[in-house]
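Notes to accompany the following structure.
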Amino acid sequence: MTGPIYSLRILGSSMLVLNSASEARDLIEGKSSLYAPRPPPKMVELAGMDRGVLFESNPVRMRKSRKLLHMVLQPRELRLFDPTLVEKNSRFLHNLLQNPHKFLEHIRKLPAGVTLALSHGYEVQEEDDPYVAMADVTVQNFAKASDPAAFLVHWLPILAKLPTFLPGMQFKRLALSWRQQYTALAERGHEHVESNIVRKVWPSLTSLALASELKDERDIIMFTATQVYTGEQLYWSVLPDVADAERQPRGSRYSEFSDLRHLSAKNPVYSRQSTATLSSFFLMMMKHPDVQRRAQQEIDQVIGDERLPVYGDRPQLPYVESLLKELLRCCPPIPAVTRAPAQDDVHKGYYIPKGTVVVVNFWAMLHDKTRYDEPDQFRPDRWLSRDADVNTDPFEVIFGFGRRTCPGRHLAESLLFTAIATTLAAFDIAVPRDEQGNLVEPTGEYSDGGIMLVYYHAC
């Protein structure tokens, strides 16, 4: 089905698909209070993993959570963490220099270090971090809880009302154990900050919250901070099964997934959208060396070779800016998100029942042939010759609409621009060769799932 907006029914459930940014803006921003809810999967709710800004349904708690996030994620407040971003990015470049073949691992460590420092002032150990290991258990539990095929209660929510002692109610006991584990993770992070406040080790969302008017909202602070780094989805949940991967020949695309999936088990924030975008960046630079050279020439002309670019150079680097914009348009890290109206609605003649799954299709919006010439082509120069409006500019689309717009937009832009500009200034990214000297071209394939990630490739 095509068109800017259409509806369908699947297994008796209503669904409305928005393929147009203007339609999404009219509906979700025009009726923001009505379309703010993001209902969690039933097992996620039973496991208490809806606590935090991601699935929060209570409007009062949601406002408080977003107020906490604004303490660190607004442009002015984010500048407090510039030293953290610079230090983590420098480590990223150093790791690329020392072990370039592990570039995907280095990519995933960059947002991990930044977000954990920002949420809790926590310095991640290089290997086998015990706090991150504990967080991984939550990550795995969340992945299982959100799998629609894993539990019948997703489709028959009334089962959650039955007594736990009845046969077939094991899922309720499992959800309780997951709730306890998630709570323990949030409490441990919170206690880490409380124990270090006197020493003033490093500012963070949690430490700033504890000094604010919301200092007594312990529950909200704990789970809001926790979801800063656990993110919306988990990288390993979109990869092929480990057992399937390990049955593949060594060196195949799927065998590498076994390594990456075990790697991601060490750090749950590998899944973040910044990771997906940076992996796409390396892929696109290999596939489009002319784009890479042009961006490097701009950096050389504007910055020179005496220093690396910084985020403050962004206005003076229009082609690098265009490259990032086209990266988000051509390779959106999140193809779609969902909403659900809190009550029945009528929009442009469409009757939208309460609880309808509203799919906000970012991929379709950013590949709309009526708005972009050759939308499937990677062409950063398209942004040098046109004025983007709110319905075509990827920055105004990919971070969402209405009250659920991504609160981490400014952090993501700062991290992505800095990482891309400094990588281009310091390195050439090229297609590797095998032992016989033949070029090993990347397939350019992406994973399925809520976050799109490039299949493993060498660089």
On a full-extension model of 0.36 nm per residue, what is the gain between Ala426 and Asn58, subtracting their alpha-carbon distance, rounded to one decimal in nm?
127.8 nm
Between Gly121 and residues 5 or more places away or on another chain, which pairs have amide H atoms under 5 Å apart, with H built 1.01 Å from N, and which residues are they?
Leu205
Run the simple label-point estimate for Glu123 and Lys102 please: 7 Å along Cα→C-beta, distance reported in nm.
2.0 nm
Given H placed 1.01 Å from N in the peptide plane, which residues other than close sequence neighbours of Ile352 have an amide H under 5 Å from its amide H?
Asp345, Val346, His347
Determine ³J(HN,Hα), in whole Hz, for all residues of the range 177-194 in sequence, where each value follows from phi through the Karplus function 6.51 cos²θ - 1.76 cosθ + 1.60 and θ = phi - 60°; x replaces Gly and Pro.
5, 5, 4, 5, 5, 4, 4, 4, 4, 4, 5, 5, x, 5, 5, 4, 5, 4
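For the ranges 219-228, 288-297, 408-417, what's the packing order if you count other beta-carbon atoms within 10 Å of each residue, average per peptide, and put the highest first?
Top of the packing list down: 219-228, 408-417, 288-297.
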In nanometres, the difference between 0.36 nm per residue of separation and the alpha-carbon distance of Val357 and Ser212 is 48.5 nm
Rounded to the nearest Å, what's the spacing between the alpha carbon centres of the range 285-353 and the range 2-29? Just the number, please.
24 Å
Could you compute the FRET efficiency for Leu166 and Arg9, with r as their C-beta to C-beta distance and R0 at 45 Å, rounded to 0.05?
0.90
Rounded to the nearest whole Å², what accessible area per residue is found for the range 40-238 with the 1.4 Å probe?
47 Å²
Among Lys144/Lys172; Lys109/Lys287; Lys64/Lys172; Lys42/Lys354; Lys325/Lys369; Lys42/Lys172, the pairs whose Cα-Cα distance exceeds 22 Å are Lys109/Lys287; Lys64/Lys172
Inter-site label distance for Glu87 and Asp381 at 7 Å from Cα along Cβ, in nm
4.3 nm
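The values are calculated or read from the model by the stated rules, or taken from the named source; none is laboratory data. Computed from a prediction, not measured in an experiment: that's the story for all the values here. Reconstructed Cβ throughout: ideal geometry from the backbone, glycine too, with neighbour counts over all protein chains shown. Just the protein is used for accessible areas: all its heavy atoms, side chains included, with ligands, DNA and RNA removed. Shrake-Rupley method; radii C 1.70, N 1.55, O 1.52, S 1.80 Å.
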